[in-house]
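Presented below is the structure to which this report refers.
The values are calculated or read from the model by the stated rules, or taken from the named source; none is laboratory data. Just so you know, these numbers come straight off a predicted model, no measurement behind them. Counting neighbours? That spans all protein chains shown, and the Cβs are built from the backbone with ideal geometry, glycine included. We work out accessible area using only protein heavy atoms, side chains counted, and drop any ligands, DNA or RNA first. Shrake-Rupley method; radii C 1.70, N 1.55, O 1.52, S 1.80 Å.
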Amino acid sequence: MTRSLPTACIVTSSFEVRTRGRGFVELDGRLRAALAESGLREGIAQVFTQHTSCSLLICENADPVVREDLERFFSRLVRDGDPLFRHDAEGPDDMPAHVRSILTGVSLSLPVRNGELALGTWQGVYLWEHRAAPHTRKVCITIIGSGS
Amino acid sequence: MTRSLPTACIVTSSFEVRTRGRGFVELDGRLRAALAESGLREGIAQVFTQHTSCSLLICENADPVVREDLERFFSRLVRDGDPLFRHDAEGPDDMPAHVRSILTGVSLSLPVRNGELALGTWQGVYLWEHRAAPHTRKVCITIIGSGS
Amino acid sequence: MTRSLPTACIVTSSFEVRTRGRGFVELDGRLRAALAESGLREGIAQVFTQHTSCSLLICENADPVVREDLERFFSRLVRDGDPLFRHDAEGPDDMPAHVRSILTGVSLSLPVRNGELALGTWQGVYLWEHRAAPHTRKVCITIIGSGS
């Protein structure tokens, strides 16, 4: 089914995420709240984090072991303290955090349908902190959609 | 050249893809059909798949060996049955499918120009099934554009 | 703070990048110029490159060693001339360029706020040439936003 909607509107907002160091923070609740507040019902929600050492991703949201495995895989793929890396002013996790951020991305576009994020049953949206230490991360949301 | 267009409209649609197990399904034809039906001529087409074990990507579309090499590369990078992975309820390809989906992404934004997807000569849009078994995958399209 | 803006407009433009072979070209200046010319102030800027052997990414922009480390990491991860690859008509960097392009992506969506790209302090937007030889790369920009 194709639905054609009138004029698109834009609603912008942002929030901060306090991380506890390397690990995942689920964003679904905050994204759904921003979407509800926007009043928009059909379109896209663009989510962006303004950093180079964390990332945004969609991951299986039912079994927490998936995120543990994901962290183990990336820890092996991009080793902290790898002598290949010369940029280490902030420690052995400095450059690996940049590589992990680039491999997984800082920008996500999500479909909006019937006033809801149109995620699949098993999809969750996460901010992935790649630095060992806690950080405050800024997330910008831009919803482009129709209210009707 | 910069072109400035009037009011943006939004057209949404979706379709299902039946995969035959691990491998690539070209989506260009279905995306072009959705775009033609939308009547929109300038803007973006956002494509999203609602799963965590397949992905959407842009790949060279002329030589099928590119996709074979790509599959070989990822099979070696993210090994099925790797003992690192503890999430294996659905088999040795379960967690590798999640990792491959995250490394390549489930969301693509494509430019629309003159009523066509503005892909490069060698660019094709593919859904990449990462599970060994066939699956039915849902793809959502959101076109934001101008009709004039 | 949530801001709700009226009707979205669309402004499209494009430019070419001459690369000197494998390496990074910062795009921030050209993107900011396109945004200024658009007159749009709140929304998103979608950037896309029409090729399968270069990519677009956001990377730390202060220390050039980060980009050197990134290149070293990817050169090791996806080896030129790897006998795994059969698609080598254009040389040992042919298939690795496709893999690197897919791992890092050809499409970026960036938030626009107050008429500026809302990048973080350390974020720069780069085109990453993955081929050894110089190429001319086309970049398409689609800005969807409100002028008020």
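Rounded, prolate or oblate, given the Cα gyration tensor of the stretch A:44-83, with a/c below 1.5 counting as rounded?
oblate
Which residue fluctuates the most in chain B, going by a Gaussian network model with Cα springs under 10 Å, if the choices are B:109, B:101, B:53?
Result for chain B, Cα springs under 10 Å: B:109 fluctuates most.
Classify the stretch C:94-148: rounded, prolate or oblate, from the alpha-carbon gyration tensor (a ≥ b ≥ c, eigenvalue square roots; a/c under 1.5 rounded; otherwise prolate if a/b is larger than b/c)? Before the final figure, lay out the partial values.
Numbers: a/c = 2.77, a/b = 2.27, b/c = 1.22.
Cα axes put the stretch C:94-148 in the prolate bin.
Which of B:13, A:132, B:123 sits closest to the plus end of the dipole of the protein assembly as shown, meaning its Cα is farthest towards the positive end, when Lys and Arg get +1 and Asp and Glu get -1 on the C-beta?
The listed residue farthest towards the positive side: B:13.
Where the only charges are on Cβ atoms (+1 Lys, Arg; -1 Asp, Glu), what is the dipole of the stretch C:24-102 about its Cα centre, to the nearest 20 debye?
Details: 9 positive and 15 negative charges, 41 e Å.
Roughly 200 debye for the stretch C:24-102.
Which FRET efficiency value, to the nearest 0.05, is calculated for residue C:3 and residue A:36 with the Förster distance at 22 angstrom and r the Cβ-Cβ distance?
Efficiency for this residue pair is about 0.90.
Compare B:110, B:70, B:56 in a GNM of chain B, Cα atoms joined below 10 Å, and give the one with the largest fluctuation.
Highest fluctuation among the options: B:70.
Can you give me the % of accessible surface on the stretch C:1-111 that is carbon or sulfur? Probe 1.4 Å, all protein chains present, nothing else counted.
Using a 1.4 Å probe with all protein chains present, the stretch C:1-111 comes out at 47 percent carbon and sulfur.
Tell me the per residue accessible area of the stretch C:12-148 using a 1.4 Å probe; a whole number in Å² is fine. All intermediate terms of the calculation are to be shown ahead of the outcome.
Details: 4830 Å² over 137 residues.
Per-residue accessible area for the stretch C:12-148 comes out at 35 Å².
What residues qualify as long-range amide H neighbours of residue A:132, i.e. H under 5 Å apart, gap of 5 or more or another chain, H built at 1.01 Å from N?
A:22
Is the stretch C:46-131 rounded, prolate or oblate when judged by the Cα gyration tensor, a ≥ b ≥ c being the square roots of its eigenvalues, rounded requiring a/c under 1.5 and prolate requiring a/b larger than b/c? Mind dumping the intermediate values first?
Working: a/c = 3.76, a/b = 1.84, b/c = 2.05.
Oblate, because a/c is 1.5 or more while a/b does not exceed b/c.
Which angle from 0 to 90°, rounded to the nearest 10, does the C-alpha axis of helix C:64-77 make with the longest principal axis of chain C?
With rounding to tens, the tilt is 50 degrees.
Return one number: the angle in degrees, 0 to 90 and rounded to the nearest 10, between the long axis of the Cα atoms of helix C:94-104 and the longest principal axis of the Cα atoms of chain C.
In chain C, helix C:94-104 runs at an angle near 40 degrees to the longest axis.
Which whole-number percent is the relative contact order of chain B (Cα, under 8 Å, 6+ apart)?
Dividing the mean separation by the residue count of chain B yields 53 percent.
Note down the nm distance, to one decimal, between modelled labels 7 Å out along Cα→Cβ at residue B:62 and at residue A:65.
Taking the simple label geometry, residue B:62 and residue A:65 are separated by 4.6 nm.
Can you tell which of A:101, A:77, A:43 lies farthest toward the positive end of the dipole of chain A, using +1 and -1 charges on the Cβ of basic and acidic side chains (Lys, Arg; Asp, Glu)?
Looking along the dipole axis, the top candidate is A:43.
Compute the distribution of all C-alpha to C-alpha distances in the protein assembly as shown, in bins of 20 Å from 0, and list the percent of pairs in each, rounded to whole numbers.
With 20 Å bins starting at 0, P(r) equals 27, 63, 10.
Which distances, in nm and shortest first, link the residue B:18 label point to the same label point in every other copy, taking 7 Å along Cα→Cβ?
Spacings between copies for this position, smallest first, are 5.3, 5.3 nm.
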